[in-house]
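> My questions all concern the structure below.
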Amino acid sequence: MVKVTIAGAAGGIGQTLSLLCKLNPDITELSLYDIANAEGVAVDLSHVNSPARATGHQPRDKSDQDALKNSLIGSDIVIIPAGVPRKPGMTRQDLFKINAGIVRSLVGAVAKYCPEALLLIISNPVNSTVVIAAEELKKNNCFNPRKLFGVTTLDLVRAETFLSYELNYPVEDIRGKITVVGGHSGDTIVPLIHINTEISKIVSSKLSPERLENFIHRVQYGGDEVVQAKSGKGSATLSMAYAGYRFTETILNAITGKENKALEPAYIYLPGVPGGEELSRKLGVEYFAVPIEFDNKGEAKRIIFNNNFISKNYEAQMIEIAKKSLTKSIVQGQLFVNGSKL
Ligand SMILES: NC(=O)c1ccc[n+]([C@@H]2O[C@H](COP(=O)([O-])OP(=O)(O)OC[C@H]3O[C@@H](n4cnc5c(N)ncnc54)[C@H](O)[C@@H]3O)[C@@H](O)[C@H]2O)c1
Ligand SMILES: O=C(O)C[C@H](O)C(=O)O
């Protein structure tokens, strides 16, 4: 029996993510919350002949808290893609002004109505919204760092796809052999493609320095590619719904004892996850996306990261750059919830 709530379920990501979740036989209840159209989307989905029961929840007016409460009670996994997407010319950090408040209030409700739930944050800027979620959970005395994940899977999905193009190598043979660490924006996104000896050899023999640079740039700025192509009509929705589902499925597989694909990263509070305290000290940042192994409750069991993951100088340099940008976003998130009391 697994209840999954999606907050922002009627949006571009939310609708496709809801459909993918509806198809997963391990989900028994799929609870869709949005400030508009959640009920319609739920009725539509409820006609799909899969076991999950789809329910829709939307507030009648601004004072109505019951819809959110009902959507969350009893939830095991809460996924939050609520908020505004980018338009051309904007950075993800430009979304902070609107999305910070949305994420904080939704997480406040999670703390109240399903404090034990696993929480997956998709809303941008992920580098800050996860920090906001952590601070809000702390304020409500229910922060468990093993249960809070910033969803950065799309960066890995892009890295696998683009590397497959570059190497002319089957994408299914790349999955589980590379990863992406750091954060989820531009220079905080650090693809690590020399972890596996076989892939590393092919990369070294086939990728010229120019093509390697092009590959890294596409992974770091893949989001901009989509924002520009959609010319004002939003950012990545389909690939993100797939990525968000892939991460959710990884957690569900851990819960139900199915085989896990290794090296799925998420942006987490490092010191709270086994193996993360030392890494956090070494890196000098508290939040970082790293590959995680999950336990049978879907919680982060340990971090999968060692010195062999970074074998090239350019990778170490990228991590240094990522840390600088991340530090600013982390502080911004902490200040948003705590004011000057840091
Ligand atoms: N983590 C990632 O890799 C990643 C990838 C793509 C997009 N995103 C982010 O995901 C977010 C959503 O993107 P989208 O394209 O689906 O946007 P969208 O505008 O299509 O959908 C957002 C939905 O959120 C809803 N919403 C707004 N305020 C809400 C609230 N308080 N409670 C519940 N629902 C609320 C809206 O009604 C809308 O249905 C954006 O912030 C975007 O930047 C993240
Ligand atoms: O680029 C965006 O704003 C959306 C998302 O973070 C992405 O990487 O596609």
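The values are calculated or read from the model by the stated rules, or taken from the named source; none is laboratory data. Owing to the predicted nature of the structure, the values given are computational and were not obtained by experimental measurement. Note: ideal-geometry Cβ built from the backbone for every residue, glycine included; neighbour counts use all protein chains shown.
> Considering only segment 302-321, I want to know if a residue exists there that is outside the structural domain of N24 (by TED's automatic domain parsing), part of a strand (DSSP E or B) and within 30 Å of S18 (Cα to Cα). Let's see the steps before the verdict.
Filtering segment 302-321 down to residues outside the structural domain of N24 (by TED's automatic domain parsing) leaves 302-321.
Among the residues that remain, those that are also part of a strand (DSSP E or B) are: 302-303.
Right, trim to within 30 Å of S18 (Cα to Cα) and you get 302-303.
Yes, that holds for at least one residue.
> Okay, moving on. When you go through (1) within 15 Å of ligand 2 (Cβ to nearest atom); (2) touching a strand residue (DSSP E or B) at 6+ places or on another chain (Cβ under 7 Å) one by one for G56, which number turns out not to apply?
(1)
> Okay, next question. Filter segment 180-214 down to the residues that are within 16 Å of ligand 2 (Cβ to nearest atom), of a type outside the set (D, E, K, R) and either touching a helix residue (DSSP H, G or I) at 6+ places or on another chain (Cβ under 6 Å) or over 16 Å from L156 (Cα atoms) (or both) and list them by number. It would help to see each step written out before you state the result.
The initial filter retains those residues of segment 180-214 that are within 16 Å of ligand 2 (Cβ to nearest atom), namely 180-191.
Filter once more, so that each one left must be of a type outside the set (D, E, K, R): 180-186, 188-191.
V180, G182, G183, H184, S185, G186, T188, I189, V190, P191, listed by residue number.
> Same structure, new question: Kindly list the number of the only condition in (1) within 20 Å of N127 (Cβ to Cβ); (2) within 15 Å of ligand 1 (Cβ to nearest atom); (3) not in a strand (DSSP E or B) that fails for P191.
(3) is the only condition that P191 fails.
> In segment 11-20, what residues are more than 16 Å from ligand 2 (Cβ to nearest atom) and in contact with a strand residue (DSSP E or B) (Cβ under 7 Å, 6 or more places away or on another chain)?
Answer for segment 11-20, where residues must be more than 16 Å from ligand 2 (Cβ to nearest atom) and in contact with a strand residue (DSSP E or B) (Cβ under 7 Å, 6 or more places away or on another chain): just S18.
> Going by the conditions given, is E286 more than 16 Å from ligand 1 (Cβ to nearest atom) and under 30 Å from G11 (Cβ atoms)? Step through it out loud before you land on a result.
Working: more than 16 Å from ligand 1 (Cβ to nearest atom): yes; under 30 Å from G11 (Cβ atoms): yes.
Yes, satisfied.
> Need at least 3 residues that are within 16 Å of ligand 2 (Cβ to nearest atom) and at negative phi per element, so show me which helices (runs of 4 or more DSSP H) inside segment 60-165 make the cut, counting only ones lying wholly within it. Break it down into steps so the answer makes sense when it comes.
Details: elements: 66-72, 96-113, 126-139.
Here the list reads 96-113, 126-139.
> Report, ordered by the first and then the second residue, all pairs with beta carbons closer than 6 Å, sequence separation of six or more or different chains, a first member in segment 92-113 that is modelled with pLDDT of 95 or more, and a second member that is basic (K, R) and more than 16 Å from ligand 2 (Cβ to nearest atom).
Pairs found: Y113/K69.
> Mind checking which residues of segment 1-49 are among the polar types (S, T, N, Q), within 21 Å of A243 (Cβ to Cβ) and part of a loop (DSSP other than H, G, I, E, B)?
N24
Table: residues versus (1) surrounded by 14 or more Cβ atoms within 10 Å (Cβ to Cβ); (2) modelled with pLDDT of 95 or more; (3) on the phi < 0 side of the Ramachandran plot.
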| residue | (1), (2), (3) |
| --- | --- |
| P191 | yes, yes, yes |
| S205 | no, yes, yes |
| S208 | no, yes, yes |
| E213 | no, yes, yes |
| S231 | no, yes, no |
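> Where the second residue is of a type in the set (K, R) and the first is at pLDDT 95 or above and lies in segment 24-46, which pairs have Cβ atoms under 6 Å and are six or more apart or on separate chains?
Close Cβ pairs satisfying both conditions: E29/K3; E29/R53; L30/K22; L45/K22.
> Further question on the same structure: Which pairs turn up if I take residues in segment 229-253 that are under 18 Å from F149 (Cα atoms) and look for partners that are more than 14 Å from ligand 2 (Cβ to nearest atom) and acidic (D, E) with beta carbon separation below 8 Å, at least 6 apart in sequence or on another chain?
If the second residue must be more than 14 Å from ligand 2 (Cβ to nearest atom) and acidic (D, E), the pairs left are R246/E264; F247/E264; T250/E264; L252/D26; N253/E259.
> Output yes when any residue across segment 193-206 is in contact (Cβ under 8 Å) with a residue 12 or more places away in the chain and within 24 Å of I79 (Cβ to Cβ), and no when none is. I'd like the intermediate steps shown before the answer.
Here is the first cut: in segment 193-206, the ones in contact (Cβ under 8 Å) with a residue 12 or more places away in the chain are 193-196, 198-200, 202-203, 206.
Among the residues that remain, those that are also within 24 Å of I79 (Cβ to Cβ) are: none.
There is no residue in segment 193-206 that is in contact (Cβ under 8 Å) with a residue 12 or more places away in the chain and within 24 Å of I79 (Cβ to Cβ).
> Does Y221 satisfy the condition of being within 16 Å of ligand 2 (Cβ to nearest atom), closer than 30 Å to N313 by Cα and either touching a residue at least 12 places away in the same chain (Cβ under 8 Å) or in contact with a Lys or Arg (Cβ under 7 Å, 6 or more places away or on another chain) (or both)? Walk me through it before giving the result.
Numbers: within 16 Å of ligand 2 (Cβ to nearest atom): yes; closer than 30 Å to N313 by Cα: yes; either touching a residue at least 12 places away in the same chain (Cβ under 8 Å) or in contact with a Lys or Arg (Cβ under 7 Å, 6 or more places away or on another chain) (or both): yes.
Yes; evaluated as a whole, the condition is true for this residue.
> For segment 288-342, give me the residue count where each residue is closer than 20 Å to I132 by Cα and among the charged types (D, E, K, R).
Looking only at segment 288-342, we keep the residues that are closer than 20 Å to I132 by Cα, and these are 288-290, 299-300, 322-342.
Now drop any that are not among the charged types (D, E, K, R), which leaves 299, 323-324, 328, 341.
Residues in segment 288-342 being closer than 20 Å to I132 by Cα and among the charged types (D, E, K, R): 5 in total.
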